[in-house]
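Please treat every number below as a calculation from the coordinates, not as lab data. Being a predicted model, the structure only gives us computed values, none of them experimental. Glycine gets a Cβ as well: all are built from the backbone with ideal geometry, and neighbour counts include every protein chain shown.
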Amino acid sequence: MSSITPADVEVGAKGDGGAPRQPGRVSLGGLSLNLRSSGIYIAFALIVVLFTVLTDGAMLQPQNISNIIVQNSYVLILAIGMILVIIAGHIDLSVGSVVAVTGALSAVLMVNMGLPWPLALLITLVAGALIGAWQGYWIAYFGIPAFIVTLAGMLLFRALTLTVLGNQGIGPFPDQVRTLANGFTNGYFGNIGLGPLGGADLFSLLIGLIAIAGMAVTQWRTREARRGYGQSVEPMAVFVLKLVAGAALILFLVVQLARFKNLPWVLVLLAVLVLAYSMMANRTVFGRQIYAIGGNLQAAVMSGVKVKSVVFWIFVNMGVLSAIAGVIFAGRLNQAGPTAGNSFELDAIAAAFIGGAAVQGGVGKVVGAITGGLIMAVINNGMSLIGSPSERVMLVKGIVLLAAVAFDVWTKRRGGAAR
Amino acid sequence: MTEHILRMSGITKTFPGVKALQDVNLTVRRGEIHAICGENGAGKSTLMKVLSGVYPFGDYEGEITFEGQKCEFGGIRDSEHAGIVIIHQELALSPQLSIAENIFLGNERARRGWIDWNRTNYEAGALMKRVGLRENPTTMIADLGVGKQQLVEIAKALAKEVKLLILDEPTAALNDDDSAHLLDLLRGLRDEGITCVIISHKLNEVIAIADSVTIIRDGRTIESLDMAADHVTEDRIISGMVGRALDNRFPPHESKIGTEALRVEDWTVYSPSQPGRKVVDGADLMLRRGEIVGLAGLMGAGRTELAMSLFGRTYGVHISGKVFKDGKPIEIRNVQDAIRHGIAYATEDRKRYGLNLIEDIKRNISAAGLHGLSRRGWVNENEEYRVAEEFHRSMNIKAPSVNSVVGKLSGGNQQKVVLSKWILTEPDVLILDEPTRGIDVGAKYEIYTIINRLADQGKAVLVISSELPELLGLCDRIYTLSEGRITGEVPRREATQESLMHLMTKGQE
């Protein structure tokens, strides 16, 4: 608050009673929209539409949708952990190397030592947690900036991977692991005809319908509970509209996937993770404390938040998610390789920032990070479909990242949130 | 000795909504030491910022004449060019650079952009000799104590060929030996013809060193006195500093005082940045339920440090002493312990320590009491909303809804959010540090009402304030703190601004 602009004075003069200005808020026929928080979803929709047009619809073909999900699942899983790290005001540059080392470990356990795969998976996840604990200790309790600790970790765990693997990969993985990474749910109830769309897997469709019903019921109950507490809720029309739009989206996705090869297992895993982590971030004490730490570290300390322990566990969590991503990536390639996970950390960080995380911390959503990751996935996929060379894909991704953060900074400045 | 080196006349400086300075006059004679005295917030620092160009010409009204020239400083560089150097209370040295580098920072001894190290170190050595600093010019600042750092600042000013040296609370952070040395040095500089303006709370020092004094109160010049001609005493200065009438700015309140809630014995805290310096020295305090107790002390007396060290050791090192809650000894190792034992601390710096400015009202209110709103780690968001809405109403927080972002509220409403946050933790003891700082008069009244209500609910309230009228209007009993020591405990009936100010400025024997 060092500089006082005429605008500040004006607001002060109006007194406190008036509604604060809402930057980047547009009103469309009674439906007001906060550009800063929902801009990312609009951008995603526009990008999907753009590439659907450019590729003559190939973008939304059943097989392509399935590919986008399976090919990017590990980055999306990393993005979930990364957004929490970034909300807390830290960063993790080591996740790519952790993906590699945990993938290598799982290969050694499953392939070389022949351990049963569930046990090997469990050991790998514990190893991921220990790696996270190692980094979390230096960051939270020793007080070294996360940038440095995880930069060191990036080198350390890559070195460890190379030590374990040498110059070659280890494979092949057990079938169950490959199925988890690359495979699809079984068609337990056989196929059902969908008229002109052809045959589709009934089980997948049922899962989709259950998901829609679950969404509708929880949304309704939340709304009713809020009304019960006398909170203002959105008008019924808007509520129904949002619900229908969400249902249509899920239905479209599920029908397309059911027409191809049923639901990818990683999609199921991803859905569970997104749900669980979204609820954790918003509704648990731990989640709230992450936002409090990122929003104002000093105030969090003075409010009794155990800052060190929270930061420590965020990094443990990042380690576990990296291990999951490591196993899935290795399983998909059917081999744990020495270069696995190269530059995954950059994709995960970019996903978080495109998805609306603030550079200073304190802001961000799990769903936003997933959307950010999907935006990059769609750009990757769409541009390769139209035959763009990889350097141009990289160029576009760089511009999108810069534009997304510039937009965030711009809306904040317009909001006059001088800090 | 009658020639004037500086004349500031009719200086008025307004911040949005506040008149910080109103028609202030200051005249300083060449070659004297001129003291400026006033309570915290009286406008002393603002006046010096006007003089040194921190607030550039055009940002204030009035006229500054320095060495017979009318001055229109656009920034610090201009005023330094004219020969006015200000040394702030927080020293502005670069800790990882050497003494010599700091002395010539921004004023480098260089030839065509290349630093002449021999000349730098040689000239630094000469300046250090002048201020009596026996160190190697290449020693790093971080390796010096505060006293010596202060000398480096003065050497730095001398390097700029200073004519008027302004020192803001130069001895506040110094021990007695360093203070005495500094005062001697200032006398020496005066004899060399350098004029000094010194802002100080330590009236014994003012009496000892100053040739004349200007007293500022509520942004106005009260009087300018010549120490010798007017036979100025500490009492004389104090009555000038506080001579303001009490009006009915306080809601009437009769406390129902109950049993002892918190007792602190022999509380000693060392500074984390200056090893060996006691910031709080053997303090004893006692708070009773339903009682509002004041803690008065000037800037740097250790008020906030005392409060924060009590509140989960958030300040200080080597903290020793005993704390009793309801007569039972307790151990407070961190903020969680403090909250569990029913102690709350509302900070003086809301924006830095009190609020998450990018978050909304309800999440700020629930920040410290979240465990009470949750079961097995899950927050009941509807309950959170209901509680926040309750505070929104009962505290009269002026905002469209509890979903409004806290950073956009006015100071008074932000303070109400901070108070709500702590009330939600259901404390027995509330420590309120400068609860009305930066708040307009109307909102102050509301805050006072809230404080009275808290006392009526049987909570013990400790109010730390720089404003003596506030303490006199609000508190049942007032402790005074000076240089880390409790120097007095006065019931409201017996307290006057003068008696408190005497205790607050009582030096160490």
(message) Let's see if you can work this out: charge +1 on each Lys and Arg Cβ, -1 on each Asp and Glu Cβ, no other charges. What is the dipole magnitude of the stretch B:60-116 about its Cα centre, in debye to the nearest 20?
(response) 340
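Could you work out the percent of alpha carbon pairs in the stretch B:93-247 separated by over 28 Å, rounded to a whole number? It would help to have the intermediate numbers written out before the result.
On the way: 3782 of 11935 pairs.
Considering the stretch B:93-247, 32 percent of its Cα-Cα pairs are separated by more than 28 Å.
State to the nearest 20 debye the size of the charge dipole of the stretch A:187-263 about its Cα centre, where the only charges are +1 on K and R beta carbons and -1 on D and E beta carbons. It would help to have the intermediate numbers written out before the result.
Numbers: 7 positive and 3 negative charges, 32 e Å.
Dipole magnitude for the stretch A:187-263 comes out near 160 debye.
Would you work out the relative contact order for the stretch A:356-419, in percent, from Cα pairs under 8 angstrom that are 6 or more residues apart? Write out the running numbers ahead of the final one.
Numbers: 24 pairs, mean separation 18.8, N = 64.
Relative contact order for the stretch A:356-419 comes out at 29 percent.
With the alpha-carbon atoms as the only input, what is the per residue convex hull volume for the stretch A:187-263 in Å³? Write out the running numbers ahead of the final one.
Values: hull volume 6.5 nm³, N = 77.
Taking the convex hull of the Cα positions in the stretch A:187-263, it is 84 Å³ per residue.
Compute and list, largest first, the equivalent-ellipsoid semi-axes of the protein assembly as shown from the alpha carbon gyration tensor, each √(5λ) rounded to a whole angstrom. Kindly include the intermediate steps, with their values, before the conclusion.
Numbers: eigenvalues 719, 221, 149 Å².
Taking √(5λ) for each Cα gyration eigenvalue gives 60, 33, 27 Å.
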(message) What distance in nm separates the two pseudo spin-label positions at A:Tyr137 and A:Ala406, each 7 Å out from Cα along the beta-carbon direction?
(response) 4.4
(message) Give the separation of the Cα centroids, the stretch B:370-387 to the stretch A:204-223, in Å.
(response) 25
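What are the membrane-span-like helices in chain A by this rule: whole DSSP H runs, Cα extent along the axis at least 20 Å, mean Kyte-Doolittle hydropathy at least 0.5? Walk me through the numbers on the way to the answer.
On the way: long enough: A:35-54 (27 Å, 2.10); A:62-87 (35 Å, 1.59); A:117-136 (28 Å, 1.53); A:146-165 (27 Å, 2.08); A:202-228 (38 Å, 0.57); A:236-260 (36 Å, 2.21); A:265-283 (27 Å, 1.79); A:307-333 (39 Å, 1.72); A:366-385 (28 Å, 1.55); A:390-415 (38 Å, 0.60).
Span-like helices in chain A: A:35-54, A:62-87, A:117-136, A:146-165, A:202-228, A:236-260, A:265-283, A:307-333, A:366-385, A:390-415.
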(request) Place the peptides B:383-391, A:190-198, B:412-420 in order of packing, highest mean first, counting for every residue the other Cβ atoms within 10 Å and averaging per peptide. (result) B:412-420, B:383-391, A:190-198
(request) For helix B:117-130, report the angle its Cα long axis makes with the longest principal axis of the Cα atoms of chain B; keep it between 0 and 90° and round to the nearest 10°. (result) 80
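Order these peptides, B:65-71, B:367-373, A:308-314, B:135-141, by their mean beta-carbon neighbour count within 10 angstrom, highest first. Working shown, then result.
Numbers: B:65-71: 13.7, B:367-373: 22.1, A:308-314: 20.3, B:135-141: 15.7.
With the highest mean Cβ count within 10 Å placed first, the list reads B:367-373, A:308-314, B:135-141, B:65-71.
What value, in deg cm²/dmol to 500, does the helix sum -39500 (n - 2.57) over DSSP H runs of n ≥ 4 give at 222 nm once divided by the residues of chain B? Don't skip to the end; give the middle numbers.
On the way: 16 runs with 159 residues, N = 509.
Calculated mean residue ellipticity at 222 nm is -9000 deg cm²/dmol.
With the Cα gyration tensor of the stretch A:118-263 giving a ≥ b ≥ c as the square roots of its eigenvalues, does the rule (a/c under 1.5 for rounded; else a/b larger than b/c for prolate; else oblate) give rounded, prolate or oblate? Could you put the intermediate results ahead of the total?
On the way: a/c = 3.30, a/b = 1.40, b/c = 2.35.
Cα axes put the stretch A:118-263 in the oblate bin.
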(request) Tell me what chain A gives for mean residue ellipticity at 222 nm when only DSSP H runs of n ≥ 4 count, each as -39,500 (n - 2.57), the sum divided by the residue total, rounded to 500 deg cm²/dmol. (result) -23500 deg cm²/dmol
(message) With angles folded into 0 to 90 degrees, how steeply does helix B:441-456 sit against the dominant principal axis of chain B? Use alpha carbons for both and round to 10.
(response) 50
(message) Can you tell me what percent of all Cα-Cα pairs in chain B are more than 32 Å apart?
(response) 49
(request) Enter the angle in degrees (range 0 to 90, nearest 10) between the Cα long axis of helix B:176-191 and the first principal axis of the Cα atoms of chain B, meaning the one along which they spread out most. (result) 40
(request) Give the peptides B:125-134, A:318-327, A:134-143 in descending order of average Cβ contacts within 10 Å, highest first. (result) A:318-327, A:134-143, B:125-134
(message) Given contacts defined as C-alpha pairs under 8 Å and at least six residues apart, what's the relative contact order of the stretch A:187-263, whole-number percent?
(response) 42
(request) Pairs to check: A:Lys306/B:Lys398; B:Lys459/B:Lys506; B:Lys44/B:Lys160; B:Lys278/B:Lys322; A:Lys412/B:Lys444. Give those whose C-alpha atoms are more than 26 Å from each other in this structure. (result) A:Lys306/B:Lys398; B:Lys459/B:Lys506; A:Lys412/B:Lys444
(message) With +1 on the Cβ of every Lys and Arg and -1 on the Cβ of every Asp and Glu, and nothing else charged, how large is the dipole of the protein assembly as shown about its Cα centre, in debye rounded to the nearest 20?
(response) 3100
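Just check chain A against the gyration tensor rule for me: Cα atoms, a ≥ b ≥ c as the square roots of the eigenvalues, rounded for a/c under 1.5, and otherwise prolate or oblate depending on whether a/b exceeds b/c. Write down the numbers at each step before the final one.
Working: a/c = 1.70, a/b = 1.17, b/c = 1.45.
Oblate.
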